[in-house]
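Reviewing the structure listed below.
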Amino acid sequence: MWGPLKKILAQSKTLGSSLGEVVFETRELTGQSSHSLFQWRIKKGLDEKSLFVSLMLRPDTYAGPEGSPKNYISFDIATAEQARANLDRCITEYYRLAGVRPEQASG
């Protein structure tokens with residue numbers, strides 16, 4: 001029963017990545033709130049061939065009927081690399097705006 005259903009679900013990128021198996025994950029990091037967190041993961045799609053870089057996220061604040069849900073977003077490798085480049089750019093800009101060099105920062 002699972003085999004035929006799995007093949008049907010695997011045809012959808014969203015379902016294929018959402019229902020796929022986590023094969024690697026980093027440790028969870030917290031945000032400003034002790035209840036917030038994010039974690040990078042590698043997931044194998046339901047088709048057993050596709051790999052996705054995923055982000056698990058529970059934001060610092062959330063307004064909505066669900067309370068404070070965990071949310072997931074999955075990327076293909078090209079988008080994950082762009083996300084990394086965007087994060088690197090934000091970090092560089094942070095240091096520029098703060099007026100310090102990265103090696104001077106504590107942390």
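No lab work stands behind these numbers, since they all come straight from the coordinates. Here the structure is a predicted model, which is why all the values come from computation and not from measurement. Every residue, glycine among them, receives a Cβ derived from its backbone with ideal geometry; neighbour counts consider all protein chains shown.
General remarks:
- A simple packing score, the average count of other Cβ atoms within 10 Å per residue, orders the peptides 45-53, 75-83, 96-104 as 45-53, 75-83, 96-104, with the highest score first.
- The stretch between Arg89 and Glu25, if pulled fully straight at 0.36 nm per residue, gains 20.7 nm over its current Cα-Cα span.
- Among 87-93, 32-38, sorting by the average number of other beta carbon atoms lying within 10 angstrom of each residue, highest first, gives 32-38, 87-93.
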